[in-house]
1. If the chain between B:Lys15 and B:Asp312 were fully stretched, how many nm would it gain, using 0.36 nm times the residue separation less the Cα-Cα distance?
2. Among residues other than A:Glu216 whose Cβ falls under 11 Å from its Cβ, what is the net charge (Lys/Arg +1, Asp/Glu -1)?
3. Pull up the cross-link candidates among the lysines for B:Lys15, meaning alpha carbon to alpha carbon under 17 Å and not fewer than 8 places away within one chain.
4. Taking B:Ala74 in one copy and the same position in all the others, each labelled 7 Å out along Cα→Cβ, what are the pairwise distances from the first, in nm, shortest first?
5. Using only alpha carbon positions, build the gyration tensor of the range B:226-425, then give the equivalent ellipsoid semi-axes as the square roots of 5 times its eigenvalues, largest first, whole angstrom.
6. Considering the Cα trace of the range A:159-293, what is its radius of gyration and what is Dmax, both in angstroms?
7. Would the range B:228-274 count as rounded, prolate or oblate if I go by the C-alpha gyration tensor, calling it rounded below 1.5 in a/c and otherwise prolate when a/b exceeds b/c, oblate otherwise?
8. What share of Cα pairs, in percent, lie more than 51 angstrom apart in the protein assembly as shown?
2 protein chains.
Amino acid sequence: MVQATTMPRNETGIKAAVARLAAQFGDRLQTGQALREQHGHTTTWIETQAPDAVVFPTSTEEVADIVKICADLAVPVIAFGTGTSLEGHVNAPAGGICVDMMRMDAIVALHQDDLDVVVQPGVTREQLNTYLRDQGLFFPIDPGANASLGGMAATRASGTNAVRYGTMKDNVLSLEAVMADGTVIRTASRARKSSAGYDMTRLLVGSEGTLGLITEITLRLQGIPEAIRSARCSFRSVDDACRAVMMTIQYGIPVARIELLDELSVRAANQHSGLELPEVPLLLLEFHSSDASVVEQAQTFAQIAGDFGGFDIAATSTAEERNKLWQARHDMYWACLGLRPGAKGISTDVCVPISRLADCVSTARAKAEEMGLLAPIVGHVGDGNFHALLLIDMESAEERSKAEAYVSWLNELAISMEGTCTGEHGIGQGKRPYLQRELGETTRFMAALKAALDPDNILNPGKIL
Amino acid sequence: MVQATTMPRNETGIKAAVARLAAQFGDRLQTGQALREQHGHTTTWIETQAPDAVVFPTSTEEVADIVKICADLAVPVIAFGTGTSLEGHVNAPAGGICVDMMRMDAIVALHQDDLDVVVQPGVTREQLNTYLRDQGLFFPIDPGANASLGGMAATRASGTNAVRYGTMKDNVLSLEAVMADGTVIRTASRARKSSAGYDMTRLLVGSEGTLGLITEITLRLQGIPEAIRSARCSFRSVDDACRAVMMTIQYGIPVARIELLDELSVRAANQHSGLELPEVPLLLLEFHSSDASVVEQAQTFAQIAGDFGGFDIAATSTAEERNKLWQARHDMYWACLGLRPGAKGISTDVCVPISRLADCVSTARAKAEEMGLLAPIVGHVGDGNFHALLLIDMESAEERSKAEAYVSWLNELAISMEGTCTGEHGIGQGKRPYLQRELGETTRFMAALKAALDPDNILNPGKIL
């Protein structure tokens with residue numbers, strides 16, 4: 001694993017905090033090594049830095065109590081959801097208390113008439129959508145993993161539906177959060193729009209637990225569309241596929257998803273999910289609208305794709321066939337790992353203006369080949385966001401070093417194309433140097449915000465900045 | 001006029017700043033009384049508090065120079081666009097320097113392939129849309145007034161199209177801003193989505209010039225739809241109209257605009273714009289889609305409206321007829337003033353969850369009648385946002401006091417319905433007490449952000465907090 005930066009530990013404070021929390025929480029405060037390591041270990045490529053204890057609150061008041069105890073003693077507090085973040089977001093470089101939110105999993109209030117729902121942070125997106133299905137509603141943000149909604153808000157997650165429905169920043173109406181001094185705030189009313197002061201909602205969304213702990217989330221919902229149609233189309237090159245994407249977006253087709261798999265990813269999907277797709281670059285699409293309109297949209301896309309040499313075009317409105325394709329897309333992380341058993345996956349996450357996408361993806365592929373790296377690419381290409389998953393033997397210092405060089409090179413490339421080093425995974429520990437390179441002096445003002453809201457740096461220290 | 005709070009003046013600093021700015025800017029630094037008063041006086045109902053000088057920069061570097069001089073001398077700096085804000089946003093309660101951005105009116109770069117444009121803050125929305133028309137693109141946010149895009153970003157403006165296209169928060173990709181120490185920052189890359197650290201873009205959008213001066217804006221654009229169809233429908237009661245709105249939204253019809261005029265507003269529009277609409281509550285709608293789809297959407301709406309007693313339903317795709325109706329809607333502020341010549345208009349701006357809209361509007365109307373106030377209501381009802389425009393003789397202490405009591409009562413009502421005191425006008429000077437009542441302790445953290453980014457409180461002091 002790649003070594004993570006450590007920070008000085010407040011041993012006395014930590015001991016005292018664990019004792020005080022144990023007194024209040026009994027067996028909902030755990031210090032066993034395996035459990036602690038699970039709460040530092042995630043899908044990340046960065047080594048585990050376990051917290052000193054894990055506490056399982058069941059209410060906002062309990063979260064506030066935990067933060068107050070830790071604030072008194074200047075002890076780090078790290079919020080934890082499903083542990084599916086990729087950049088070491090839940091590591092404890094200075095030790096401290098992990099707050100596992102997964103027992104706060106209540107759906108607090110569904111407002112069908114307002115198309116919103118209030119949930120606790122431990123509710124997962126699949127749990128929410130199962131609950132909503134009978135009401136004809138759904139929550140569109142889909143990062144692949146069955147992540148907790150608190151974690152998704154904290155990392156400003158998005159995923160395959162973002163091209164149509166936006167990211168978490170667009171779908172959170174309001175938050176309840178525990179701030180660094182233990183104060184519980186609500187960031188906004190339940191109105192669908194507001195000009196009431198600074199946008200505390202958007203400040204906390206994407207703050208990765210460094211400015212406050214999210215204890216309740218009010219989310220916008222969508223009606224389940226009358227018709228859903230999926231389509232796939234193969235291309236002779238990634239470049240052709242990207243150009244077809246660009247034209248589709250410019251043409252104004254309101255695609256709900258438009259995903260790219262390069263030939264390596266298609267091979268991985270064939271192997272992992274038992275598909276028989278041509279092993280060339282592939283676009284997967286989904287259209288949400290009325291019965292007539294989804295067919296029209298799919299046909300217009302097919303025409304555009306044809307102009308760029310697209311072939312083996314297939315479309316279906318059958319739920320079973322759709323689900324098979326999209327399940328394969330969801331399983332891509334694991335499918336790609338199957339291309340090199342035993343390897344660890346390091347995912348890049350650059351996002352560039354869509355006019356630069358074809359160039360960025362093609363250059364990224366050529367560079368990986370040149371460096372001898374196995375790096376299947378999948379992407380939410382409607383947003384200009386794609387992931388190269390580097391398959392690395394982490395025991396090999398040479399491979400680790402090559403991977404780091406590649407990640408650094410690709411992030412710089414995206415930044416030079418007016419893009420970002422992270423479209424949706426967040427900064428965590430892993431991308432801190434790139435945030436500096438991307439935003440420069442702006443990070444000084446981010447640091448001022450952090451110091452203002454968390455003067456003792458107890459909330460998820462060592463992340464973002 | 002209603003008196004505004006004053007703040008202590010730094011006379012020595014102001015004199016020195018005016019002298020230093022005069023030396024650098026020559027006749028682009030003006031101190032004439034009429035011009036200064038124009039820059040404090042806006043469409044607001046709050047008395048004018050003129051700045052001590054108005055400076056007209058033409059570049060970001062010049063804005064940075066101005067801020068550095070003012071920072072050195074602890075002198076207030078107030079950004080100014082078209083002066084169409086409603087809550088005393090550009091008043092100078094502690095005096096200081098007004099920075100008129102209207103000579104920074106360049107369209108810096110149009111990225112057609114990326115559907116975005118980079119503009120200086122003095123570009124107005126009409127100027128931008130005129131420029132874009134030949135490209136088949138448009139910028140959808142339309143607050144009615146031909147406001148500057150810098151001002152619209154600073155107040156998180158929205159307007160008639162927000163139900164479909166969102167508010168400024170959803171349509172600003174990135175900002176360049178001059179911070180309180182004169183540092184120029186860029187808040188984000190030009191990528192369509194990002195998880196790169198704290199959302200500085202959304203923090204500055206809606207900050208009303210209190211955290212930084214916006215010097216460049218990257219905006220998302222939309223393709224001009226293949227077809228635009230407008231519709232109108234009369235109702236026997238505001239309640240029926242609101243229920244039809246709620247059902248239309250729940251039904252998932254992607255209306256581009258859905259606006260309510262109550263009977264007083266319709267009378268005002270008839271008088272001002274020479275229309276002959278039935279003087280009963282009216283909904284005005286617009287649909288953006290393909291030729292077939294706008295007709296289908298308008299028909300579905302007509303069916304829903306019929307269920308709520310809607311009558312005199314008319315729809316048209318002719319540009320001339322559409323423009324006549326929407327021009328009347330845009331002119332409502334002036335049309336309503338015509339109902340009582342000589343009166344001043346005080347606009348409320350509450351926004352509530354849509355399930356509470358019918359109740360909120362009906363109660364607001366009944367209360368105005370009960371208090372003997374003339375208060376036509378217009379609203380962006382698809383978002384739950386409406387304006388009661390109180391027509392007040394500002395010479396009458398009794399009327400002023402009634403108006404203040406009504407505004408306070410309505411804001412409290414909206415807050416009690418989980419809504420906000422401001423859907424789109426912002427806090428400025430006028431709504432500060434209501435922000436406190438709406439968000440309570442949250443405002444303490446807003447104050448911490450302000451102190452962190454502007455420790456000497458030089459950026460538009462006396463606003464929001």
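1. 100.7 nm
2. Overall, the nearby charge balance is 0.
3. Counting by Cα, and skipping residues close in sequence, B:Lys15 has these lysines nearby: B:Lys68.
4. Ordered by distance, the counterparts are at 3.0 nm.
5. 29, 19, 13
6. 20.0, 57
7. Oblate, because a/c is 1.5 or more while a/b does not exceed b/c.
8. When every Cα pair of the protein assembly as shown is considered, 17 percent fall beyond 51 Å.
Just so you know, all these numbers are worked out from the coordinates, no wet-lab data involved. These numbers come from a predicted model, not from an experiment. Cβ coordinates were reconstructed from backbone atoms using ideal geometry, including for glycine residues, and neighbour counts include every protein chain displayed.
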